[in-house]
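The structure appears right after this line, and notes come after that.
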Amino acid sequence: MGRGKVVMKRIDNKINRQVTFSKRQLGLFKKAQELSVLCDAQVALIVSSSGGKLFHFASTNNANDILNRYHRYCNTSQDNNNVAEDETQNLYQEVSRLKVKYDSLQRWHRHFIGEDLENLRLKELEDLEKQLDRTLSRARQRKTQMMLDQLEALRGKESDLEEINRHLKSEIEERVKHGGNDEGNQEASIQGRPVGEPTVAAVASDENISTN
């Protein structure tokens, strides 16, 4: 017959409590030793009785090494948590600042396009009017500069086209000039005389002039 289930509550009888503590403490240390051997783990265990006595188990010769490692880990974890909290706080503040700036820009944008002007005071309306005048002046200056740049570019293209036109006109005149000489040479060749030789009529005329 198995043991009944033990109710997890404080044992009122002092003697029974001390006996149970001694048995459970030995069993706990045994389990810690088995964990250390089976898993090659470093285990340190400290137990304080209700009477104030300390009992400890260490898988190594010096439990302080394990405890110091534990303290370093706790301090590092705390530092990491503090850093993470600081970063989170900084990000939250940055997001809040950007949100305020975004809302302000959205409000000014609506004012620039003539919306939500009812809640503005006279001084704010005057400042808005001055800002719009400055913006309009800069826009006009930029527009004028762009038109001047385009005009200069068109003048450059006009000059290039005039140069091309003069070049083409010169080529056409040269071709027409050479084309007339070619037609005279072709006519002489058709009449059966060498190019540049005088015609029969021209020779007879020269002879008559010599006789006279």
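The values are calculated or read from the model by the stated rules, or taken from the named source; none is laboratory data. Note that the structure is predicted; figures quoted are calculated from it, not measured. Cβ sites come from the backbone with ideal geometry, for glycine too, and all protein chains shown count toward neighbours.
Summary table below
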item: Answer residue from the range 41-62, given it is assigned to a strand (DSSP E or B) and either in contact (Cβ under 8 Å) with a residue 24 or more places away in the chain or surrounded by 13 or more Cβ atoms within 10 Å (Cβ to Cβ) (or both) and is farthest from the chain's Cα centre (by Cα) among those; result: F55
item: Residue tally, condition within 26 Å of T20 (Cα to Cα) and either among the charged types (D, E, K, R) or modelled with pLDDT under 85 (or both), over the range 33-45; result: 1
item: Unique residue being surrounded by 10 or more Cβ atoms within 10 Å (Cβ to Cβ), at pLDDT 85 or above and of a type in the set (D, E, K, R) when the list is E126, E115; result: E126
item: Candidates L151, L105, L91, L67 - the one that is in the same structural domain as S36 (by TED's automatic domain parsing), free of Cβ contacts under 8 Å to residues at least 12 places away in the same chain and hydrophobic (A, V, I, L, M, F, W, C); result: L91
